[in-house]
Structures are given as C-alpha cells and as structure tokens.
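Below you'll find the structure, written out as structure tokens, and then a few comments.
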Amino acid sequence: MPLPTTPPVAHILAVGDELLLGRTVDTNSAHISRVLTDLGFAVARIQVVGDAHAAVVAALRAAVAGSALVVVSGGLGPTDDDRTRHALAEVMGVALVADPVAWRQVQAAYRRLRIVRVPAANRRQALRPAGSRLLANDRGTAPGLLARVGGVHVACVPGVPHEMQAMVARLAERLPRLLGLGRPPALRELWIAGIGESAAQELIGDLLSERDPQVGITVNELGHATFRVVGRPAQVRARIAALRRAVRAYLLPEPGLAPSLVTLLARRRWTITAAESCTCGHVAAQLGAVPGVSAVLRESQVAYHVAVKTARLGVAPLLIARHGVVSVAVAAAMAEGARRASGADLAVATTGVAGPDGGSTAVPVGTVALAVATARGTATRLVQVGGSRERVQRRAAAHALLLAWEVASGRVLPGHQTGAR
C-alpha cells in the first residue's frame with residue numbers, strides 16, 4: 001500500500017487543573033504523540049486544558065476542526081471534577097447513558113483490588129455519550145471512550161499513565177482500520193553521546209531537513225542526543241547512513257548511555273560497581289532502569305559522609321585534606337576503593353556539590369568530580385552542572401556514565417584526566 005501524500009492530522013488534549021497548576025507533568029501527551037506519529041499521523045497540536053466543563057467543551061470543539069483524530073487523556077475519574085465524558089456528550093449533541101457493561105468493568109476493577117464494595121461515586125465512570133463505544137481498561141476503574149464527531153474520531157483515555165499506555169497500545173492496533181490509514185512512513189533513530197548539539201551540527205552539515213526525509217535532533221537530559229529520520233524507506237536508509245558516517249566517533253548502540261553501557265559490559269563480560277557521593281544513587285538508578293542489568297551490576301554504595309569514604313572505600317584522610325573532598329583525586333580513590341571492595345571490573349565514582357548551598361568561590365555549586373577505575377588504571381573528569389539540586393544529581397550521574405562508556409569502549413584511556421564535556 002503506498003504512503004499517503006498527506007498524513008492525517010491528530011490533536012491531543014490533556015485534561016486536568018493539576019497540569020495547568022504545574023503540580024503534575026504532562027507525560028501522557030508525549031507518549032500519545034509518539035504512538036500516533038509512528039502510525040503516520042501528523043500531530044498538529046498538543047493542548048493542556050483545565051477541568052472546567054466549558055473549557056473542555058471549547059477545547060474539544062477546536063480540536064475536532066480540521067482533525068482526523070482527537071485523543072483526550074484525563075477527566076474520566078469518579079469525582080465531580082472529572083468532566084471529559086460530559087463535555088464529549090455536549091460536543092456530540094447527545095445525552096449521557098448508563099452503560100451496564102461499563103459498570104461491570106468498574107466492578108471488575110475493584111475485585112482485582114480485592115475491594116468488595118464499589119463506592120457510589122464510581123457510577124459516574126459507567127456513563128457514556130449515546131453512540132460512543134467503550135475502550136476496555138484492564139488496569140484501573142475508568143473505561144475509555146471512542147466516539148465520532150462528524151467524520152472525526154475522538155478517543156478518551158484515563159490520565160493515569162500506566163492505564164493510558166495500555167489503552168493507547170490497544171487503540172493503536174485499531175486505528176489503521178478505523179481511519180483507513182496507508183502504510184506508515186519509515187522511521188529510524190541514531191543515538192550519540194560525548195558531543196554537544198552545536199558541535200554535532202557542524203559535523204552533519206546540511207543533513208537536517210524538514211522533509212524528504214524529515215530529520216531532527218533531540219537532546220536528552222540523561223546525556224545523549226537522538227537523530228530521528230522520517231520518510232520513505234529509501235530516503236531514510238540513505239540519510240541514516242550519511243548521519244552514521246558523520247558522527248561515527250560518537251555513536252551509541254542503544255537509546256541512551258545506561259543501556260549502551262550495559263550492552264557493552266555484558267558483551268565484554270565485565271561487571272560494574274558505583275561509589276556515589278553527591279549523586280546519591282542516581283548512577284545506580286539509571287543503570288538499574290535497564291532490563292538485563294543484573295548481568296553486569298555488582299553493587300552500589302552511597303558514600304556520602306567523609307567518614308564513609310575513608311572507612312568503606314579506603315580514601316586516605318591526607319588525600320582529602322590536601323585536595324578537598326570534591327576533587328578528581330578523591331573521586332579516583334573512591335572508584336579504586338569500590339573496585340577493590342566489590343571485585344567489579346569497572347567502578348564509577350562521583351563527588352561534588354549538588355546545592356543549593358555548600359559551594360564556594362573555588363568549588364561552586366554544581367562542581368562534580370568523576371572517576372572510572374579499571375584494571376588498567378583510572379580516568380577522571382571534572383564537570384560543572386547548572387540547575388536545581390535534582391538536575392545536578394541527574395546530570396552528574398549521566399556524565400559519570402558517559403565517562404564509563406568512553407573508558408569501556410576505549411575512547412578514553414584509563415590513567416588520564418579529561419576535560420568537561
């Protein structure tokens with residue numbers, strides 16, 4: 001089946017006062033957008049709207065105009081401020097009806113939770129606009145909805161992310177048939193690390209393009225960047241090959257530093273340990289999020305207090321007195337001590353000032369010393385990270401994994417101190 005000349009347009013609405021107030025981050029829209037673009041939709045707009053009935057109605061009416069598909073997340077709960085189904089009924093011009101199948105789904109959800117009595121408020125979740133269909137929810141109490149407004153399909157899914165993700169996955173299987181979609185465009189990605197966005201642009205020249213194929217670059221907070229190429233298969237293959245040649249020295253085999261490091265260590269049959277001070281477990285957490293990490297992750301220790309660094313990792317008090325606790329010398333001693341104690345092939349260490357206070361003129365907030373120790377020696381790096389305490393910890397951990405990747409892959413030789421990346 002040929003690629004459509006014009007991709008169908010989709011709009012995404014995220015409903016909830018908590019999103020507008022900044023109390024909850026809208027990750028749902030990003031997930032839904034990725035699923036839709038992979039199917040070949042052009043996502044024209046993502047909008048966040050509060051819980052007010054009139055606001056949801058107005059947003060729905062605007063989204064329907066010019067769309068083939070609208071996906072709404074949120075507002076399907078059991079309380080009075082959950083108004084998505086009511087707003088959809090008004091836009092459709094129909095009444096809400098009590099659906100016995102929906103009520104049985106709600107009751108089944110409570111049985112899965114081993115709760116005998118279903119609160120009366122949950123009756124609200126068994127309402128649907130006349131003419132709409134239910135989308136089953138096997139992870140929560142709120143059935144989803146699938147309706148048509150004119151020729152536009154409208155899907156409403158819960159705001160709870162793990163419920164939404166399962167429902168959208170099942171919906172994605174139905175959309176090609178519902179909308180008569182052609183074959184989706186080809187999509188490929190490349191991942192790089194160890195080079196900034198501006199420097200990457202210099203390497204790739206004019207390989208970024210808006211169409212034929214569409215090529216973009218996205219920088220991730222966890223230390224890598226992604227090239228995304230979308231278009232016809234032959235175009236995508238050719239552009240991916242050109243990008244690969246241009247950035248070969250910085251390519252990652254997996255989507256991110258932690259997955260790439262785990263893959264490399266597993267292939268080499270190496271194990272890893274971490275000794276973390278300012279990052280407080282972020283290195284281990286980023287590694288631990290990778291499936292299969294049990295093959296390589298030996299142990300991890302948060303050695304925050306100076307006494308722990310000396311007693312558990314064998315860092316000499318004289319070394320701390322001479323260089324300061326935030327120094328590449330201390331980071332190196334931490335990594336070497338962790339490697340000795342654990343028997344791992346590679347050890348990562350971090351020590352720094354995460355903030356928001358505790359810094360000085362000589363060692364400002366955001367200064368982090370990193371070290372990676374192997375049997376061949378220890379590589380160190382001093383980096384400066386800006387932002388909140390949480391960002392300093394997260395980004396410093398990513399810098400540590402980058403150094404570990406570079407050492408394990410042979411791009412940085414143990415025994416050398418390298419500059420900040």
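Taking amide H atoms as placed 1.01 Å from N in the peptide plane, list the residues 5 or more away in sequence, or in a different chain, whose amide H sits under 5 Å from that of residue 365.
Under 5 Å from the amide H of residue 365 lie the amide H atoms of 359, 360, each far enough along the sequence or on another chain.
For the stretch 1-158, list log₁₀ I(q)/I(0) at each q in 0.08, 0.09 Å⁻¹, using the Debye formula over Cα point scatterers of equal strength and ignoring solvent, two decimals each.
-0.23, -0.29
Please compute the Cα-Cα pair-distance distribution of the stretch 159-296 with 10 Å bins starting at 0, giving whole percents from short to long.
Result, from short to long distances: 10, 27, 31, 25, 6, 0 percent.
I need to check one value: relative contact order of the stretch 136-237, counting alpha carbon pairs closer than 8 Å and at least 6 residues apart, in percent. Write out the running numbers ahead of the final one.
On the way: 119 pairs, mean separation 21.4, N = 102.
Relative contact order, the stretch 136-237: 21 percent.
Would you mind checking the radius of gyration and Dmax of the stretch 182-227 based on alpha-carbon positions, in Å?
12.0, 39
Can you give the Rg/Rh ratio of the stretch 72-164, where Rg is from the C-alpha atoms and Rh is the Kirkwood radius? Walk me through the numbers before you get to the answer.
Working: Rg = 12.5 Å, Rh = 13.1 Å.
With Rh from the inverse mean 1/r over Cα pairs, Rg/Rh is 0.95.
Hey, can you rank 293-302, 82-91, 313-322, 357-366 by average C-beta count inside 10 Å, highest first?
Details: 293-302: 17.4, 82-91: 22.8, 313-322: 15.2, 357-366: 13.2.
Descending mean neighbour count gives 82-91, 293-302, 313-322, 357-366.
Report, to two decimal places, the Cα Rg of the stretch 301-421 normalised by 2.2 N^0.38 Å (N = number of residues). List each step's numbers first, then the result.
Details: Rg = 13.4 Å, N = 121, 2.2 N^0.38 = 13.6 Å.
Against the empirical 2.2 N^0.38 Å value, I get 0.98 for the stretch 301-421.
Using helices alone, what [θ] at 222 nm do you get for the chain, with -39,500 (n - 2.57) per DSSP H run of 4 or more residues, divided over all residues and rounded to the nearest 500?
Numbers: 14 runs with 160 residues, N = 421.
Value at 222 nm, helices only, nearest 500: -11500 deg cm²/dmol.
Given the protein chains as shown and a 1.4 Å probe, how many square angstrom of residue 191 are accessible, to the nearest 10?
Residue 191 exposes around 50 Å² with every protein chain in place.
Work out how far the C-alpha atoms of the chain reach from end to end along every principal axis, then list the three figures in whole Å, largest first.
78, 55, 41
When the accessible area of the stretch 236-342 is computed with all protein chains present and a 1.4 Å probe, what percentage of it is carbon and sulfur?
On the way: 2730 of 5050 Å².
Carbon plus sulfur share of accessible area: 54 percent.
Roll a 1.4 angstrom probe over the protein heavy atoms and tell me the percent of accessible area of the stretch 1-152 that is carbon or sulfur. Working shown, then result.
Details: 4110 of 7330 Å².
Roughly 56 percent of what the probe reaches on the stretch 1-152 is carbon or sulfur.
For the stretch 139-221, what is the largest minus smallest coordinate of the Cα atoms on each principal axis, given in angstrom and ordered from greatest to least?
49, 29, 19
Is the stretch 282-342 best put as rounded, prolate or oblate by its Cα gyration tensor, with a ≥ b ≥ c the root eigenvalues, rounded for a/c under 1.5, and otherwise prolate when a/b is larger than b/c, oblate when not? Don't skip to the answer; put the middle values down first.
On the way: a/c = 2.79, a/b = 2.29, b/c = 1.22.
Here the stretch 282-342 falls in the prolate category.
If only Cα atoms are counted, what is the Rg of the stretch 259-363, and what is its Dmax, in Å?
Radius of gyration, then largest Cα-Cα span, for the stretch 259-363: 14.3, 44 Å.
Of 373, 91, 151, which is farthest on the positive side of the dipole of the chain, counting Cα position, with +1 on Lys and Arg Cβ, -1 on Asp and Glu Cβ, and the Cα centre as origin?
Ranked along the dipole, the leading option is 373.
Return the sequence-ordered ³J(HN,Hα) values of the stretch 133-145 in whole Hz as given by the Karplus equation 6.51 cos²θ - 1.76 cosθ + 1.60 applied to θ = phi - 60°, using x for Gly and Pro.
Along the stretch 133-145, the couplings run 10, 7, 10, 5, 10, 9, 10, x, 8, 9, x, x, 9 Hz.
So, by mean Cβ neighbours within 10 angstrom, what's the order for 337-349, 31-43 with the highest one leading?
Working: 337-349: 22.7, 31-43: 18.4.
The densest-packed peptide leads the list: 337-349, 31-43.
For Cα pairs less than 8 Å apart in space and 6+ apart in sequence, what is the mean separation divided by the residue count of the chain, i.e. the relative contact order in percent?
On the way: 871 pairs, mean separation 44.4, N = 421.
Computed over the chain, the figure is 11 percent.
Ratio of alpha-carbon Rg to the 2.2 N^0.38 Å globular estimate for the stretch 215-256, to two decimals, please.
The value comes to 1.19.
Using only Cα atoms, tell me the angle between helix 100-112 and the longest principal axis of the chain; keep it within 0 to 90° and round to the nearest 10.
Approximately 30 degrees, to the nearest ten.
Mind checking which of 361, 271, 12 is farthest towards the positive end of the chain's charge dipole, using Cβ charges of +1 (Lys, Arg) and -1 (Asp, Glu) about the Cα centre?
So the residue furthest toward the plus end is 271.
Which of rounded, prolate or oblate describes the stretch 355-421 when judged by the alpha-carbon gyration tensor and an a/c cut-off of 1.5? Don't jump to the answer; show the numbers that get you there.
Working: a/c = 3.00, a/b = 2.00, b/c = 1.50.
Taking the square roots of the gyration eigenvalues as a ≥ b ≥ c, the stretch 355-421 is prolate.
Just to check, using Stokes-Einstein with a Kirkwood Rh over alpha carbon pairs, what's the diffusion coefficient of the stretch 74-120 at 10 °C and 1.306 mPa s in µm²/s?
On the way: Rh = 12.2 Å.
For the chosen part, D equals 130 µm²/s.
Answer with one residue from 76, 140, 54: the one whose Cα lies farthest towards the positive end of the charge dipole of the chain, charges on Cβ with Lys, Arg +1 and Asp, Glu -1.
140
With a 1.4 Å probe and all protein chains left in place, how much accessible area per residue does the stretch 224-322 have, in Å²?
Values: 4800 Å² over 99 residues.
In whole numbers, the stretch 224-322 has 49 Å² accessible per residue.
Per residue, what accessible area does the stretch 12-90 have, given a 1.4 Å probe and all protein chains present, in Å²?
On the way: 3270 Å² over 79 residues.
In whole numbers, the stretch 12-90 has 41 Å² accessible per residue.
What is the Cα centroid distance between the stretch 1-73 and the stretch 195-243, reported in whole angstrom?
26
The values are calculated or read from the model by the stated rules, or taken from the named source; none is laboratory data. Just so we're clear, the structure is a prediction, and the values are computed from it rather than from any experiment. For neighbour counting, all protein chains shown are included, and Cβ atoms are generated from backbone atoms with ideal geometry for every residue, glycine included. Areas reflect the complete protein model, heavy atoms only, side chains present, ligands, DNA and RNA absent. Shrake-Rupley method; radii C 1.70, N 1.55, O 1.52, S 1.80 Å.
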